[in-house]
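Take a look at the structure below.
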Amino acid sequence: MSRKCLISAGQLFTLLLVSSLIIMVTTNSTWTGGGDFLDNTISCIIAFAVNFIAVIPLGLLYRRKPTMNILDYGYHLTGWFGVVIALFYGFYFLTIDCYYLSVFQVFNANMIEPEMPSWLIVIAVLIVAVYAAWKGIESISRTSVFILVMLLLGLIFILLTAVPQVKSENFKPILYNGWDQTIQSTMLFLGRSTGLATLAVLLPATKGNKKIGFTVWNVVTYLLMSVILIIMVGVLGNAIQIQMFPMHTLAATSGIGPFQRMDSIFLGIWLMGMFIKIALDLYLFGSCMQRIFHIRRGGIFIMGGAIAVAVISILITKSVTLQHLFFDVYLLAPLTLFASFVIPLVLLLIDTIKCKNKTIRRMEETLEVQNENSVLD
Amino acid sequence: MSRQEKQQDNVPRKISSSLLENLVYLRKEFDGSMDFIIRQFNIEGTKAALITIDNLIDKQTIAQSILNPIRKSNLKGLSGMEKMKEIRDNILTTVDQEQMVEFDTLLTKLMSGFAMLAIDGCDFMLSIGVQSYAYRSISEPSNEVVQRGSRESFVEPLVINIAMIRRRMKTPKLKFERMQIQSESKTDICLCYLRDKVSPDILKQLKNNISKIKLETVMASGYIAPFIERRGLFNGAGVSERPDTVCGKISEGRIAVIVDGTPNVLIVPYLFIENFQTFDDYAARPFFATFTRWLKVFAFFLSIFLPGFYVACGTFHPEFLPQVLLTKVVQAQAETPFSLMIECVMIHIIYEILREAGLRVPKPLGHAVSIVGGLVIGEAAVQSGLVGPPTLMVIALTAISSYVVPSLYEQTAILRLIFIFIGGMMGFWGITLGFCAILISLCSESIYKIPFSAPLSPFRLRSMRDVVIRASWKVLRKDVEQIQNMPGSNVKKK
């Protein structure tokens, strides 16, 4: 199957970087399994290394057939089971959206307390994201370039204004309370990152050097995250443990000159990053559905997916049980593990076995022909 | 009307060899219009006529260059056809002339200021160029004022505009291509481009778009603009009244569309970033040009978002404002009966009414309108406690900012109003999402297969020398970037 290159590698990894910025801004001691945030920098290093290993099956699959994405591979190697794989990826992207939107609603209800209901904001976010997803991956990726510049500038500005408040006594020894938090936060960081799953679907639609892009994306993501964690610990100290959204607290307490608070910048960063993330996921969901139903445009599915995300994310916000299910790592981490590593690995193995069988069969046929020829001689 | 009759109606009518028949037909077509003139005379015993439209011709030229040479010539013994050929080949040698065989083209020429010479017994007429009509002289541009640079702006007649461009680009590669819009007005338009710079793909697509235009009348370039650009929030076709700006654009591979009877020239393709590039940028020192370019971008965002942000902060997020400013806003708000959003909308609409009135009002009344508008209404509104001074200040600042980038005024005015509503109803969240929606709209558009947001996104570092900064001419001259080579462009290469 020939596939038109729609975006450049730079645009793809810009998209992923904007998406991963949300991971950086939404971390707290409950989700990371403890208040020793410096331990999370170790998690960053581990997650960074794991990403390089986890991408191997995907990279090998792509090298074998650069025009096929994971959905095409699913159909090509497993037949009807390809529908299940496409469905899995589609619903995985929606699940991640539900998670991010519900975290945002929790933040809004607890920290901002707007006079308008949270669900209204959710619906507004989804309307704009549906519009973006409907416009296509080219539009989303071009927009993400503008948004990335703003996000990076905003983030750097917040961090620079926070640096003077860093106190050396706030830093405690790393791994003082053991490895538990490090392991949980590694699972959290990896579990919330849909980067590899996105690559699995979008790689064939990308032109340019993906290896450099992947490396830069990974390095920048985890480097920036480590810097944020270190500054957060340095400024907030022990108070970090009781903060629901430490990054917001950091922004709200930072200031320089007439800029007394930075939380408006933080809110902008979060919302813009989330918008890109949801638009991208809805687009990917639409692509999965297009692959299943063999249709040219997935507009109706994008809209349906957005409605499902709205309903589920509102339900999550209202139900503590659902919050436990979604906000803990035990749902997202296995799902991401499957989408990013297990499925590509299984497909790679099937492909390898099929290739080997084909080679053996071909060799046997050649041998038979040679034998027949020798008998005739 | 039957299909056969319709088909007959579409077939161009040929000129007859009978002069009487031709004149009857033309008289019937013009139905006694007072400017339609037929002067009949004899050429050595053969009936002839000179057909013109009054006020579009130069009578002196007709007398000196047509009638006098014909009368002085010796055409005795020749048939009508032979006389016409003799006049065409040997007598009227100095004037612009063309043989007409169909009434359709004859009528167009006639109404463009040509005189038609008809002789009985000849089955064609001779169109003779004697055009002379009143037109506005070349004056200073009124909308694109520059500090350094030419003081000439385009005028209404197409031919003069063509000459103004040609005078600035003395190269045979500069091509002017005439086309006509399928309309009652049969308006002439002219495509202007550099043959070696333009993309054939874009040119073909533009010609195709123009050939499909079907309008009753074309009275301004704005009539055809929607047909040659993609539908979207921002303009895909630029407008300029400056010949030097147009020359600069066509040297980058763009195509200028000159419409007869309008002093504005359309430029396609036109990217978003070009709204912030003015002629003065290239005449000023690079550091100052860079500064003004950033200023324009800042003013553009300010003019769209400031009122909305002000309303959002005042209504939902007072914590975003510095304490001193917040106190002032709260004090002003306590004395006014309306919410911040209503106040802003009110002032914005009053301002737009005043602006519209200022544009249409006769010049002598202009001062009175600005005094009543600016001083009386503004002052009175604050004094009476209907509007708070900070609101007035915010709208005034954004109103001035919106004129920094005049080509985006239409979008700015509407978006500003929308963002006031969004800010008042959804606060900061709404504004951020609105901003994202604008970005998506901007980034999803492509003009003639070139991304509208290029070269910012898709990004190209090399292009930033005339986007983020305005590099020196020593750098810019090295490689003029062609529009078809923008990053992300799908235009077929030559």
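Can you find a residue that is in a helix (DSSP H, G or I), more than 14 Å from chain A (Cβ to nearest Cβ), without any contact (Cβ under 8 Å) to a residue 40 or more places away in the chain and not β-branched (Val, Ile, Thr) anywhere in the stretch B:440-457? Give the steps one after another, and end with the answer.
Keep residues of the stretch B:440-457 that are in a helix (DSSP H, G or I), which gives B:440-444.
If we keep only those that are more than 14 Å from chain A (Cβ to nearest Cβ) as well, we get none.
Checking the stretch B:440-457: not a single residue is in a helix (DSSP H, G or I), more than 14 Å from chain A (Cβ to nearest Cβ), without any contact (Cβ under 8 Å) to a residue 40 or more places away in the chain and not β-branched (Val, Ile, Thr).
Is it the case that the stretch B:250-262 has a residue that's hydroxyl-bearing (Ser, Thr, Tyr), crowded, with 18+ Cβ neighbours inside 10 Å and away from chain A (no Cβ under 14 Å)?
So in the stretch B:250-262, the residues hydroxyl-bearing (Ser, Thr, Tyr) come out as B:251, B:262.
From what's left, crowded, with 18+ Cβ neighbours inside 10 Å: B:262.
Filter once more, so that each one left must be away from chain A (no Cβ under 14 Å): B:262.
The answer is yes, given that some residue of the stretch B:250-262 is hydroxyl-bearing (Ser, Thr, Tyr), crowded, with 18+ Cβ neighbours inside 10 Å and away from chain A (no Cβ under 14 Å).
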Number of the condition not met by A:THR215 [criteria: (1) within 20 Å of B:PHE320 (Cβ to Cβ); (2) away from chain B (no Cβ under 14 Å); (3) of a type outside the set (D, E, K, R)] = (1)
For the stretch A:313-367, what are the residues that are of a type in the set (S, T, N, Q), closer than 30 Å to A:ALA47 by Cα and surrounded by 13 or more Cβ atoms within 10 Å (Cβ to Cβ)?
-> A:SER313, A:THR317, A:GLN323, A:THR336, A:SER340
Do any strands (runs of 3 or more DSSP E) entirely within the stretch B:63-180 hold 2 or more residues that are within 28 Å of B:SER407 (Cβ to Cβ) and of a type outside the set (Phe, Trp, Tyr), and if so, which?
-> B:174-180
Taking the stretch B:458-467 and keeping residues more than 9 Å from chain A (Cβ to nearest Cβ) and either buried (at least 21 other Cβ atoms within 10 Å of the Cβ) or touching a residue at least 24 places away in the same chain (Cβ under 8 Å) (or both) leaves B:ARG460, B:SER463, B:ASP466, B:VAL467
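Determine, yes or no, whether B:PHE124 is more than 30 Å from B:GLY253 (Cα to Cα) and out of contact with any His (no Cβ under 6 Å at 6 or more places or on another chain).
On the way: more than 30 Å from B:GLY253 (Cα to Cα): yes; out of contact with any His (no Cβ under 6 Å at 6 or more places or on another chain): yes.
In short, yes.
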Scanning for something on the phi > 0 side of the Ramachandran plot, modelled with pLDDT of 80 or more and not basic (Lys, Arg), does the stretch B:27-41 turn up at least one residue?
-> yes
By residue number, the members of the stretch B:428-439 that are over 15 Å from A:VAL145 (Cβ atoms) and within 7 Å of chain A (Cβ to nearest Cβ) are B:PHE428, B:TRP429, B:GLY430, B:THR432, B:LEU433, B:ALA437
Can you tell me which of B:PHE300, B:PHE338, B:PHE305 is in a loop (DSSP other than H, G, I, E, B), closer than 20 Å to B:ALA396 by Cβ and in the same structural domain as B:ILE438 (by TED's automatic domain parsing)?
-> B:PHE338
Residue among B:PHE309, B:PHE298, B:PHE338 that is surrounded by fewer than 15 Cβ atoms within 10 Å (Cβ to Cβ), among the hydrophobic types (A, V, I, L, M, F, W, C) and closer than 23 Å to B:ILE418 by Cβ = B:PHE298
Note on the stretch A:144-189: residues farther than 25 Å from A:ARG261 by Cβ and within 14 Å of another protein chain (Cβ to nearest Cβ) are A:SER144, A:VAL145
Identify all residues within the stretch A:215-250 that are under 16 Å from A:ASN28 (Cα atoms), among the polar types (S, T, N, Q) and assigned to a helix (DSSP H, G or I); write none if there are none.
-> A:SER226, A:ASN238, A:GLN241, A:THR249
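Conditions tested, residue by residue: (1) among the basic types (Lys, Arg); (2) touching a Pro at 6+ places or on another chain (Cβ under 9 Å); (3) closer than 28 Å to A:MET116 by Cα; (4) more than 14 Å from every other protein chain (Cβ to nearest Cβ).
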residue	(1), (2), (3), (4)
B:LEU365	no, no, no, yes
B:GLY374	no, no, no, yes
B:ALA413	no, no, yes, yes
B:MET426	no, yes, yes, no
Inspect all residues belonging to the stretch B:389-406 and state whether any of them is within 14 Å of chain A (Cβ to nearest Cβ) and outside any loop (DSSP other than H, G, I, E, B).
-> no
Restrict the check to the stretch A:46-65 and report whether at least one residue is within 16 Å of A:ALA205 (Cβ to Cβ), surrounded by fewer than 21 Cβ atoms within 10 Å (Cβ to Cβ) and in contact with a helix residue (DSSP H, G or I) (Cβ under 8 Å, 6 or more places away or on another chain).
-> yes
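The values are calculated or read from the model by the stated rules, or taken from the named source; none is laboratory data. Values in this document were obtained by computation on a predicted structure and should not be read as measured data. Neighbour counts run over all protein chains shown; Cβ positions are idealised from the backbone, glycine included.
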